[in-house]
Amino acid sequence: MVRKENISIIEKKERQKGNGFIALIVSILLISIILLLVVGFKLRGYSLGWSIAGILLFYIVVLSFLFEPKTIRETIKTIVETIEKPIRVPFVKTIEKPVIKIKEVEKPIFIEPKKKKEFNYVASTETKTYHENDCRFSKLIKKNYKLMDDEEVYFKRLKYTPCKSCIKKIIVKKGKHKKSKK
């Protein structure tokens, strides 16, 4: 890193802005003094001329001090820092790629469908009833409440009640229909 300092000085001459108003007030004051000399002291002739010349000379000296331009020096300091950065040169390297030959071969794939184990009876843990697997009400049971088994005895042990729709048909089919007592 290289650091360079450069200092430049600029000089300007400017007049103060409020001095014109002060010069106007001084002129009014001197005119009032001349009137006082003429009226109050009754000066005539040479004495009046010499007094006006002295007042004018005083006024010119005051004006020269009021309107004298002031020198303003402005210092500008410039700092230049040069940072050296490395230049990146692109590097090109050629690589030979081997040729790959792809051969397509067709092979048959046999996918066996997954078999679901089907149970003979389905029960609902929510309603505590059991159904035959193909009963329309067994399809309405949600997965959260579904319980499956092959034996009807399993559900009887758990004190589940049989479905009035599908289990009655089974009883009638097997000939185990109970006769009602009257």
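The values are calculated or read from the model by the stated rules, or taken from the named source; none is laboratory data. Model, not experiment: these values are computed from the prediction. Heads up, the Cβs are rebuilt from the backbone with ideal geometry, glycines too, and the neighbour counts pull from every protein chain shown.
Observations on the model:
- If you check Lys143, Lys128, Lys139 for being touching a Lys or Arg at 6+ places or on another chain (Cβ under 8 Å) and over 17 Å from Lys168 (Cβ atoms), only one passes: Lys128.
- Residue match in the stretch 103-116 (condition: in contact (Cβ under 8 Å) with a residue 12 or more places away in the chain and among the charged types (D, E, K, R)): no
- Residue in the stretch 69-91 that is over 30 Å from Lys4 (Cα atoms), charged (D, E, K, R) and either surrounded by 10 or more Cβ atoms within 10 Å (Cβ to Cβ) or free of Cβ contacts under 8 Å to residues at least 40 places away in the same chain (or both) present: no
- Here Leu37 passes the criteria (1) assigned to a helix (DSSP H, G or I); (2) under 56 Å from the mean Cα position of the chain (by Cα) except the one numbered (2).
- Cβ-Cβ under 7 Å pairs, at least 6 apart or on other chains, the stretch 117-129 side in a loop (DSSP other than H, G, I, E, B), far side β-branched (Val, Ile, Thr): Lys128/Thr161
- Gly54 satisfies every condition listed in (1) free of Cβ contacts under 8 Å to residues at least 60 places away in the same chain; (2) exposed (fewer than 10 other Cβ atoms within 10 Å of the Cβ) except (2).
- Odd one out for Ile28, checked against (1) at pLDDT below 85; (2) out of contact with any Ser or Thr (no Cβ under 9 Å at 6 or more places or on another chain): (1)
- Checking each residue in the stretch 42-51 for being surrounded by 10 or more Cβ atoms within 10 Å (Cβ to Cβ) and not polar (S, T, N, Q) picks out Leu43, Leu48, Gly49, Trp50.
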